[in-house]
Amino acid sequence: MTSPKFGPVGSPPALPSGGVAPLSPAFATDDLVFLSGQLPFKSDGTLDTGSIESQTQQCLDNIEAILKSNGLSRTDIVKATVWLTDVSDFAGFNSVYAAFFGDTFPARSTVRSDLMLPGARVEIEVIVSKRNIA
C-alpha cells in the first residue's frame, strides 16, 4: 500500500457547495484501514436515489474502488457496519450484500437509522486488514 503506515488515505471529498467534507475517505494504521461510511454516490457525484438494491450496489462499488486504489480487495474486509433508513429494505440490501461477498462474509452490524443525506437509504463503512499486502 502506498499510503502512510498511519494517517489519512486520499483527499477529503468535495461537497456540492464547493466546500470540502471534513473527513478522510480512509485512515490507515500499521495493520488496518478504516473506510469512512460510503453513501450511494455515483461517479458523476450525484446521489443514486433508486431502489435499495441499486443504492447498496453503489455503496459497495464505491468501497471496492477505494480498496482497489490502495492495493486491497473485498476479501480484505474484516468488519462492516451498515445503516438502513427503513427496516423493510433489509431483505433487498441483504441479497446484494450476500452476492458481493460470495461465500466468505466479514463480521457485520446492521442498524436502522436516519441518515444525514436526504434520499440515501443505506450507508456502509468497513474495516480492512492489510495482512495480504506485501
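The values are calculated or read from the model by the stated rules, or taken from the named source; none is laboratory data. Computed from a predicted model, the values in this text were never measured in an experiment. Note: ideal-geometry Cβ built from the backbone for every residue, glycine included; neighbour counts use all protein chains shown.
General remarks:
- Which numbered condition residue 61 fails, given (1) part of a helix (DSSP H, G or I); (2) under 19 Å from residue 113 (Cβ atoms); (3) of a type in the set (D, E, K, R): (2)
- Residues that are small (Gly, Ala, Ser) and on the phi > 0 side of the Ramachandran plot do not occur anywhere in the stretch 77-93.
- Close pairs from the stretch 20-47: first in contact (Cβ under 8 Å) with a residue 12 or more places away in the chain and farther than 10 Å from residue 128 by Cα, partner hydroxyl-bearing (Ser, Thr, Tyr) and surrounded by 12 or more Cβ atoms within 10 Å (Cβ to Cβ), Cβ under 6 Å, at least 6 apart: 23/36; 25/36
- Residue check for residue 43: under 19 Å from residue 113 (Cβ atoms), loosely packed, with under 13 Cβ neighbours inside 10 Å, hydroxyl-bearing (Ser, Thr, Tyr) and over 13 Å from the mean Cα position of the chain (by Cα): no
- Residue selected from the stretch 98-134 under the condition at pLDDT 95 or above and among the acidic types (Asp, Glu), by the criterion nearest to residue 32 (Cα to Cα): 125
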